[in-house]
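Single-structure report; data block below.
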Amino acid sequence: MSYRHIFVRIFSLLLIALSALQFSVAQAGEPQQVIRLATTTSTDNSGLLQALLPHFEKSSGYKVHVIAVGTGKALRMGRDGDVDVVLVHARKAEDKFVKEGFGERRFSVMYNDFVLVGPADDPAGVRGSRDVGDAFRKIARHKAPFISRGDDSGTHKKELSLWKKAGVKPEGQWYREAGQGMGKVLQIAGELGAYTLTDRGTWLAYQEKLPLRIAFEGDPLLFNPYGIIAVNPKLHPHVNHDGAMALIRWMIGKEGQTRIAAFTLHGQQLFKPDAKADEVALLKP
Amino acid sequence: MSALLEATEKALELLISGDEALWQIIAISFKVSGSAILIATPPALLIAFALAYLRFPGRRVLVSLFSTLLSVPAVVVGLTLYLLLSNRGPLGDWRLLFTQSAMVVGQIALAFPILVAMGHAALQSADKRAWETARTLGASPLRAFFVVIRETRFGLLAALLAAYGRIIAEVGASMMLGGNILNYTRNIPTAIALETSKGEFAQGIALGAILLLLAFTLNGLLHYVQGKGVQMS
Amino acid sequence: MKPEYHLQVSQLCKSHGRRLILNEVEFSLPKGSCTLLTGENGAGKTTLLRILASLEKPDRGRLRLAEQSWQPWRKARRMLQQRVMYLHQHPYMFDGTVEYNLRFALGSRVPQRDAEPLIEKALRLIGMESFRKTSARTLSGGERQRVALARAWLRSPQVMLLDEPTANLDYESRQRTLELLQRLRNDGMTLVIASHDPLHFEGLTEQRLHLQAGRVEAVELNMNPATQPANVILMRRDYA
Ligand SMILES: Nc1ncnc2c1ncn2[C@@H]1O[C@H](COP(=O)(O)OP(=O)(O)OP(=O)(O)O)[C@@H](O)[C@H]1O
Ligand SMILES: [Mg+2]
């Protein structure tokens, strides 16, 4: 009897204790004042959120937990109700997200742009191209090394759409998919002397450490609008919808927009505030 | 080479100057991994004890199950738990994902097989007369259990240190379950992953140095403790 | 007059795998008696003692404790455990000092103030006062045996089972052990000693159980004038 007894007794005690603990953790795990924001790595890495959110937290009393992942994953988290609000830049995917009912409504927040960067000596002669399609075609023609994010991120999707517009199927030795974040990909491109498409924010943060230069910029096709979407509370009743809406209201409101415009990296403005007046009006109480 | 030197220099500077963000990350690491070990150890010890001292059907299967679990990659553990804890998973209602608790759960899952397998090995090789002598001297089963634990403490401590070593340096599960949230679920390994991906090698190196130091200490302790264990028997 | 029994055993069976080690064993232990258990190597002496001490489970068996009625073994086990203690042939020393080992037998409920004189007395009993703070793991085999006896004395069970307590002991230690056993007897403890050396225990024991082929084969009476009352009828089934 002895071993068995003691085992059963202690174990049941432990189970009880654990489940009690579990319960208390579950209770305390997600206080209402926490807003969980899924966003893209590039947004977070630029430092913008760290510059903005403390002001929002101070004035609203909410605490924002930023989870930075790829766009695909961020939207997936929103779809599953694992976060309260998403801030991403992949227009098509965002619209689909809203249309399928996972998000309530997309609000324009800001935009930045993508730039094509490459080795300083520009082996494909991309500099001075007519438009971005022209630039991409030149790279393909020269079979100049190109590093793709290859991670289903917004940047990756953008890049793929640009190849399509350029009428080139990117394949072969020269085209490599890294499956990594933007910073990593820039480092790889730097090491390999390759071209890559990057958002300007990450580029500014990295350019000093890299042997790369901007090869092409300015085509409207390269503009990169950011949208913010609250997860649909009808689908996921537990989400902190009030918090999400407070954050959205702040971001597209006067203070958020002013601070976005004031944010600089290496002395350069990174994001252009892009809130639409009619959308702001929607949120007025 | 100069880049490495430069980064190392900055790393030392960060460590010495007591950079608050850095120490916050270190504190989170210790808090999470410490809680995980504290919670995992008692039940793991009980199971190890049961495997070593009880004869019941399926015992062998359980033993090999736990040694198999030892070699499951952390990312797989992380992914499995992610799917369980996600709002759409069966345990979604617990609302644990992207909290420190989720990281603790993940690290418990990682530490548990180590604790059970190594604890079982220690208890198995322990002298059965310890339990018998305690019992026949009038000790209650509970007291006898603690006697056995006490007599095998070095082996068990080795299991504890090995488990702690694994979870404090583990990145996959923590990243997935915690979400690498600043000042909340960003621990040493996930911070290293992030900082290197951002090209901030200095902070990566500073944190890496802490891990290295820790690993060194743990290993030293482990050797010391295992030496003790050998001396005893 | 019917003798008073401390415990009576019947229909006790135990097998290891296919091998039947104990086959319908039955015997009685009179109160305050000393029983010698003999048998060849592998006859099942250790097995029998361990079953009596609840360290192993029998396949089946019936048990009658002192004033109670016959019970199936399972039911009586708890009572048995409280009364019976088993001394390993090679005693186990807990990691700690001799004092720690002795203190253990007193349990945590005895306050230190009361434990102190008892421990001192136990050390005196085995003539090892100077070993109090010695690590028990460093003791020699004979010394361990003595510490184990002192430890058992502190626990003071009603029935004490000793597995070859004099094997590997030199003459001096053996005498000391025998003296100690005599002492325990005089205190009213019931003893069972498994041994290959019946001669060592002459004068101490008054019954002898011989295990052979799974059965308690022979019982010899050894009238010891020093101990009262003399006990008879040891093999008879005694369902009253
Ligand atoms: N756990 C076990 N599994 C299988 N067989 C066992 C086990 N324990 C004991 N036996 C067998 O039971 C038989 C009786 O063993 P036991 O130790 O009781 O003999 P013993 O009379 O004490 O012998 P010795 O005089 O050598 O001490 C032996 O043949 C032994 O091999
Ligand atoms: Mg034996």
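The values are calculated or read from the model by the stated rules, or taken from the named source; none is laboratory data. Because the structure is a prediction, the values reported are computed rather than measured. Cβ placement follows ideal geometry from the backbone for every residue including glycine, while neighbour counts extend to all protein chains displayed. Note: areas computed on protein heavy atoms with side chains; ligands, DNA, RNA excluded. Shrake-Rupley method; radii C 1.70, N 1.55, O 1.52, S 1.80 Å.
Structure notes:
- Lysine pairs meeting the criterion (Cα under 29 Å, 8 or more apart or interchain), as found in segment A:32-104: 7
- Solvent-accessible area of B:K228, all protein chains in place: 70 Å² (probe radius 1.4 Å, heavy atoms, ligands and nucleic acids excluded).
- The string of couplings for segment B:164-173 from the Karplus curve (6.51, -1.76, 1.60, θ = phi - 60°) is 4, x, 5, 6, 5, 9, 7, 10, x, 5 Hz, one whole number per residue in order, with x for Gly and Pro.
- Volume per residue for the protein assembly as shown equals 226 cubic angstrom (convex hull of Cα atoms).
- Shielded by partner chains, segment B:103-136 residues - at least 50 Å² of accessible area, 1.4 Å probe, vs chain alone: B:R129, B:W131, B:E132, B:T133, B:R135, B:T136
- To the nearest 10, the accessible area of B:I16 is 140 Å² with a 1.4 Å probe.
- Among C:H88, A:H241, B:H223, the order of accessible area from largest down is B:H223, A:H241, C:H88, computed with a 1.4 Å probe on protein heavy atoms.
- One Cα centroid belongs to segment B:22-44, the other to segment A:72-130; the line between them spans 36 Å.
- Computed over every Cα-Cα pair of chain A and binned at 10 Å starting from 0, the pair-distance distribution P(r) comes out as 6, 26, 28, 19, 11, 5, 3, 1, 0 percent.
- Couplings for segment A:49-60, taken from phi via the Karplus curve 6.51 cos²θ - 1.76 cosθ + 1.60 with θ = phi - 60°, read 5, 5, 7, 8, 4, x, 5, 5, 4, 5, 7, 9 Hz in order; Gly and Pro are left as x.
- Partners for A:K143 among lysines (Cα-Cα distance below 23 Å; same-chain residues under 8 apart left out): A:K157, A:K158, A:K164, A:K165, A:K169, A:K184
- Annotation: per residue accessible area for the protein assembly as shown equals 45 Å², rounded to a whole number [probe 1.4 Å, protein chains only].
- Modelled this way, with points 7 Å down the Cα-to-C-beta line, the labels at A:D122 and A:K254 are 4.5 nm from one another.
- For segment B:2-232, a Kirkwood hydrodynamic radius built from all Cα pairs, placed in the Stokes-Einstein relation at 10 °C and 1.306 mPa s, yields a translational diffusion coefficient of 83 µm²/s.
- Applying D = kT/(6 pi eta Rh) to segment C:85-168, where Rh is the Kirkwood radius over alpha-carbon pairs, T corresponds to 4 °C and eta to 1.567 mPa s, the Stokes-Einstein value obtained is 101 µm²/s.
- Among C:N101, C:N41, C:N168, residue whose mean-square fluctuation peaks in a GNM of chain C (springs only between Cα atoms under 10 Å): C:N41
- Within the straight-line cut-off of under 19 Å between alpha carbons, the aspartates and glutamates reachable from B:K10 are A:E208, B:D19, B:E20, B:E195, B:E200, sequence neighbours fewer than 8 places apart in one chain being disregarded.
- Under 12 Å from A:K272, Cα to Cα: aspartates and glutamates that are on another chain or at least 8 residues apart: A:D113
- Chain B against chain A buries an accessible area of about 3400 Å², both chains summed, 1.4 Å probe radius.
- Remark: spin-label model distance C:V219-C:E129 equals 4.5 nm, labels positioned 7 Å along the Cα→Cβ axis.
- Segment B:18-34 - phi-based ³J(HN,Hα) in whole Hz, Karplus 6.51/-1.76/1.60, Gly and Pro as x: x, 3, 5, 4, 5, 6, 4, 4, 5, 4, 4, 4, 5, 5, 5, 5, x
- Heavy-atom surface analysis with a 1.4 Å probe gives segment B:2-232 a carbon and sulfur content of 70 percent of its accessible area.
- Lys pairs under 26 Å by Cα in chain C, provided they are eight or more residues apart or on distinct chains: 14
- Per-residue extension of 0.36 nm, minus the Cα-Cα distance of B:S125 and B:H223, leaves a gain of 33.4 nm for this segment.
- Inter-chain shielding of B:91-97 (mean C-beta neighbours from other protein chains, 10 Å cut-off): 5
- The heavy atoms of B:M176 present about 40 square angstrom of accessible area, all protein chains included, probe 1.4 Å.
- Contact order normalised by residue count of chain C, Cα under 8 Å, 6+ apart, percent: 28 percent
- Listed residues A:P220, A:A189, A:T202: farthest to the positive end of the dipole of segment A:166-234 (Cβ charges): A:T202
- Amide hydrogen neighbours beyond the local backbone of C:L211, cut-off 5 Å, H modeled: C:T38, C:G39, C:E217
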